[in-house]
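Enquirer: This is the structure, below, for whatever I ask next.
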Amino acid sequence: MSATRLPPEALHRPADPAALDFATTAEIEPLARLPGQERPLEALAFGLDVDSAGFNIFVVGEDGTGRRAAALEAVRQHAAGRPVPDDLCYVNNFADPRRPRLLRVPPGVGRRLAEDMEGLAAQLAAELPRVFGSDEYRAQRTAILERLEQRRAELFESAEEAAERHDLAVVQSPQGILLAPRRDGHLLTDEQLSALPAEQREEYEEARREVQALFEEALPKLAEAMTEAQRALRELNRRTAGRAAAHLFGVLRARYGSLPQVRTFLDAAEADLLELIGKLTITAEAEPAALAQAMATEEFQRRYMVNVIVAHEADDRGAPVIVEPNPSFSRLNGRIEHRVVQGALVTDFLMIRAGALLAANGGYLVVDALEVLRRPLAWDALKRALRQGEVRLEEPGAELGLVSTVSLEPEPVPIDVKVVLIGPPILHALLSALDPDFDRIFKVKADFSPTLARSTESEREFARFVASRCHAEGLPPFDADAVGALIEYASRLAGDQTRLTARLALIADLVREAAHQAGGNGVPRAADNGEARDAPAEGDGRVAAATVTRENVEAAIRARIRRANRLEEELHRLIETGALLVATRGEAVGQVNGLSVIEVGDYAFARPVRVTASVAMGARGVVDIERESTLGGPIHSKAVLILSGYLNRRYGGDRPLALTASLAFEQVYEAVEGDSASMAELIALLSAVSGLPVRQDLAVTGSVDQHGNAQPVGGVSEKVEGFFHACRIQGLTGEQGVTVPARNAPHLVLRPEVVAAASRGEFHVYTVDHVDDAIELLFRRPAAEVHDAVAARLQDFVEAWLRLRAEAGGLVGSPLPERRAA
């Protein structure tokens, strides 16, 4: 075969407006679902239908493919047919306050129960002081205290009579009963007592011991009497409080009689209340004022409240769908808050807060995978919850042993939640390879393709997508030719005439920009998710065009390029001034125009690169200067080694190659990677060995194997355009062009100015299947002639080596090139 010049119509694939079968997008139905993504949508439907453990979904795709919107739409549709899950509440564990109890109640019941318990606490605070201030309670309490006083008098009667006989005063003190001598009804001071005769002092001491013994004999019996009185008071308090609380708790038991968990909680709350009131003894705690003050405290009010951590309404429709944009440990798992009381951090069951996992319980949780992995502890918490089927609410620092304050250990919450992670393909691959739990937890992969097949049907669906954007955002309709321009741009983004980009967010932006060019862009985007705000209001000063045309679309594309191509224009200036050496005319030995793609954000362009080769007799083989200077990447180094393989196969079958050759990318000072310049390197090498000149008005791109076959490479459109701009700057001659591998022909989606130049015969694109096709095109002579010249020169090297070796008496080594490590 030989090189083939591509006709201008092969350099891009124009859209046929007539095949779209409409005049403007206002005539067609907006697209209801994502076009051309049946595979991931089927995977989403499967993953959502399966209720078995581990069938969570990882949505894979590039940004802008609509993966998030499609996943949310599928999840919301599926959730609409699911039941509303239970409310989740935490209540006080009266037996162990550090371990709050979990209540699961039907949707809508949680808030009502919380309001009822709050009302109960207020009613108790009002009712209990009233009953404890009643005449009946006071009479019973007084009777108990009077019986105690009577018993005390009976027990102390003999001791007090003895004290009276011996003229001793009985003094009650915090330390107990004290006996002090007296005379004439007055207590004796220490001085007066010391002034008494010794016999009289001894008499007082003897009497004191006698009376003290009588009191000590009575005290145990008094203690028993006081204990009995306290028991009677406690029972009185319990009965009194029980009568007041029974009605209030009875109302709630009747209201929640069908909920066993709530009934159990009410029983525990009533028992705790009676136990708390029953502890009031003979002190003033049972006085109505003091009791009212105690029950008005925040501590009492909080004791019987209900903390509703997840609430629904009975009239809600479907299961919850939670989208968590900030999936930290606390926001995923939940948290336990603290408050400062008298300088100390304290907490209770009312300060437990649910996270996204609990909010999505019974439904669906949608999270960005990369955001989860960025947050400390969040990924492990998510996996643990899905593995164990429950959420344990704990402090984030508890995992690391950093929590020193007293905290809670709430009862774990069983969960039934379907998690949908969204992330790029590389992240899915890394997790699958490095995390042994990943494939067991996320068994369903919904893989959104970055490109779609281009067909008449897909072009019509594409037009419906444009119609949906215009309808949703109040933009003017696009005529068929304008939609055709969008389709051609979508092929350009896909880098393939037979494909369309699936990154529809980029197309949606271009739709808005083209509408702006037409004077009708009245609706900015609400967010990066593609959703739009309401249509523009009348009288807002914006002028809407009747339709958007191809000219508007092409103007928007040019404006988009201008915003991004400052560096490309700077490169063109360097070519124009001669600072960047590029030859687009004439011939040269050992020099070929290669092409290198530069990506700056979302914009890519190419620059011409002079690939040069120099050769000499030697034994080092092909030396890659980029690799030697540590600028060459592993793929580029592999490509150079493949060139050595081609040379050995083509020219060294029965003889060694006494060759030392060097290859370089001139004026390239950054890292070089990839194999797309290996065809250009091989042509430069053959030119340097043979001494035959090659054309400088052609640039070469393409990879080559050890057999000389041309292999496709990426970025061919940018590369062709890069050399076209260099030729345009230096002057088009009608002979200039680019050679690309034949298998890259469908990937050519060139800009209109390049296609127009090709139509005028000013610029050409050639395809080659083999290096021999490129040789004939660049050397302007048959490939066999070039190969013969190369073989002859290599033979000269071998013979010169052998002569040198003979003259040196065999001291010169073998002419075999050194085998250099890859």
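Enquirer: For the stretch 296-317, how many residues meet the condition of being under 16 Å from residue 88 (Cα atoms) and either β-branched (Val, Ile, Thr) or not in a strand (DSSP E or B) (or both)?
Expert: Start the filter on the stretch 296-317 by keeping residues that are under 16 Å from residue 88 (Cα atoms), which leaves 305-314, 316.
Subsequent filtering for residues that are either β-branched (Val, Ile, Thr) or not in a strand (DSSP E or B) (or both) retains 305-306, 308-314, 316.
So the answer is 10.
Enquirer: Further question on the same structure: Residue 773 is checked against (1) in a loop (DSSP other than H, G, I, E, B); (2) touching a Ser or Thr at 6+ places or on another chain (Cβ under 6 Å) and fails just one. What number does that condition carry?
Expert: It fails just one condition, (1).
Residues checked against (1) more than 29 Å from residue 765 (Cβ to Cβ); (2) over 23 Å from the mean Cα position of the chain (by Cα):
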{"position": "11", "(1), (2)": "no, yes"}
{"position": "14", "(1), (2)": "no, yes"}
{"position": "21", "(1), (2)": "yes, yes"}
{"position": "29", "(1), (2)": "yes, yes"}
{"position": "50", "(1), (2)": "yes, yes"}
{"position": "57", "(1), (2)": "yes, no"}
{"position": "75", "(1), (2)": "yes, no"}
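Enquirer: Also, quick follow-up: How about the stretch 251-273: which of its residues are closer than 20 Å to residue 132 by Cα and surrounded by fewer than 17 Cβ atoms within 10 Å (Cβ to Cβ)?
Expert: 271, 272
Enquirer: Which numbered condition trips up residue 449, out of (1) under 30 Å from residue 386 (Cβ atoms); (2) among the small types (Gly, Ala, Ser); (3) more than 30 Å from the chain's Cα centre (by Cα)?
Expert: (3)
The rows are residues; the columns are (1) under 30 Å from residue 220 (Cα atoms); (2) surrounded by 19 or more Cβ atoms within 10 Å (Cβ to Cβ); (3) among the β-branched types (Val, Ile, Thr).
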{"residue": "43", "(1), (2), (3)": "no, yes, no"}
{"residue": "49", "(1), (2), (3)": "no, no, no"}
{"residue": "59", "(1), (2), (3)": "no, yes, yes"}
{"residue": "71", "(1), (2), (3)": "no, yes, no"}
{"residue": "80", "(1), (2), (3)": "no, no, no"}
{"residue": "84", "(1), (2), (3)": "no, yes, yes"}
{"residue": "89", "(1), (2), (3)": "no, yes, no"}
{"residue": "105", "(1), (2), (3)": "no, yes, yes"}
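Enquirer: Mind listing whichever residues of the stretch 694-715 are out of contact with any helix residue (DSSP H, G or I) (no Cβ under 7 Å at 6 or more places or on another chain) and over 21 Å from residue 636 (Cα atoms)?
Expert: Selection gives 696, 697.
Enquirer: On the given criteria, is residue 612 under 52 Å from the mean Cα position of the chain (by Cα) and not aromatic (Phe, Trp, Tyr)?
Expert: The answer is yes for residue 612.
Enquirer: Residue 58 - would you say it is assigned to a helix (DSSP H, G or I) and farther than 30 Å from residue 348 by Cα?
Expert: No, not satisfied.
Enquirer: Considering each residue of the stretch 745-756, count those that are among the aliphatic types (A, V, I, L, M) and surrounded by fewer than 21 Cβ atoms within 10 Å (Cβ to Cβ), and give that number.
Expert: Of the residues in the stretch 745-756, the ones among the aliphatic types (A, V, I, L, M) are 745, 748-750, 754-756.
In the following step, the residues that additionally are surrounded by fewer than 21 Cβ atoms within 10 Å (Cβ to Cβ) were identified as 745, 755-756.
Going through the stretch 745-756 one residue at a time, the tally reaches 3.
Enquirer: Another question, then. Would you point out which residue out of 678, 690 is crowded, with 20+ Cβ neighbours inside 10 Å and under 47 Å from the mean Cα position of the chain (by Cα)?
Expert: Going through 678, 690 in turn, the sole match is 678.
Enquirer: Also, quick follow-up: I need a count of the residues in the stretch 322-361 that are open to solvent by 50 Å² or more (accessible area, probe 1.4 Å), among the charged types (D, E, K, R) and in a loop (DSSP other than H, G, I, E, B).
Expert: The number of residues fulfilling the criteria is 1.
Enquirer: Of the residues that make up the stretch 796-809, is at least one assigned to a helix (DSSP H, G or I), in contact with a helix residue (DSSP H, G or I) (Cβ under 6 Å, 6 or more places away or on another chain) and either modelled with pLDDT of 95 or more or surrounded by 18 or more Cβ atoms within 10 Å (Cβ to Cβ) (or both)?
Expert: No; the residues of the stretch 796-809 include none that is assigned to a helix (DSSP H, G or I), in contact with a helix residue (DSSP H, G or I) (Cβ under 6 Å, 6 or more places away or on another chain) and either modelled with pLDDT of 95 or more or surrounded by 18 or more Cβ atoms within 10 Å (Cβ to Cβ) (or both).
Enquirer: Further question: Report the residue count in the stretch 574-606 for those that are over 14 Å from residue 698 (Cα atoms) and part of a strand (DSSP E or B).
Expert: 9
Enquirer: Hey, another quick one. Yes or no: residue 674 among the small types (Gly, Ala, Ser), closer than 17 Å to residue 11 by Cβ and in a loop (DSSP other than H, G, I, E, B)?
Expert: The answer is no for residue 674.
Enquirer: Here is a further query. Every residue in the stretch 498-509 that is touching a helix residue (DSSP H, G or I) at 6+ places or on another chain (Cβ under 8 Å), part of a helix (DSSP H, G or I) and surrounded by fewer than 20 Cβ atoms within 10 Å (Cβ to Cβ), please.
Expert: Residue satisfying the conditions is 506 alone.
Enquirer: Can you name the residue in the stretch 132-150 that is open to solvent by 20 Å² or more (accessible area, probe 1.4 Å), touching a residue at least 24 places away in the same chain (Cβ under 8 Å) and not polar (S, T, N, Q) and, of all such residues, is nearest to residue 358 (Cα to Cα)?
Expert: The residue in question is 133.
Enquirer: Still on this model: Residues that are modelled with pLDDT of 95 or more and either among the hydroxyl-bearing types (Ser, Thr, Tyr) or surrounded by fewer than 20 Cβ atoms within 10 Å (Cβ to Cβ) (or both): does the stretch 395-403 have at least one?
Expert: no
Enquirer: Please verify whether residue 645 is out of contact with any Cys (no Cβ under 7 Å at 6 or more places or on another chain), outside any loop (DSSP other than H, G, I, E, B) and surrounded by fewer than 16 Cβ atoms within 10 Å (Cβ to Cβ), treating the condition exactly as stated. First the steps, then the outcome.
Expert: Details: out of contact with any Cys (no Cβ under 7 Å at 6 or more places or on another chain): yes; outside any loop (DSSP other than H, G, I, E, B): yes; surrounded by fewer than 16 Cβ atoms within 10 Å (Cβ to Cβ): yes.
Answer is yes for this residue.
Enquirer: Filter the stretch 370-394 for residues that are among the acidic types (Asp, Glu) and touching a residue at least 24 places away in the same chain (Cβ under 8 Å) and give the result.
Expert: Once the filter is applied, which keeps residues that are among the acidic types (Asp, Glu) and touching a residue at least 24 places away in the same chain (Cβ under 8 Å), the stretch 370-394 yields 371, 390, 394.
The values are calculated or read from the model by the stated rules, or taken from the named source; none is laboratory data. Small disclaimer: the values here were computed from a predicted structure and weren't measured. Note that each Cβ is placed from the backbone with ideal geometry, even for glycine, and that neighbours are counted across all protein chains shown. Ligands, DNA and RNA are excluded from the accessible area calculation, which covers all protein heavy atoms including side chains. Shrake-Rupley method; radii C 1.70, N 1.55, O 1.52, S 1.80 Å.
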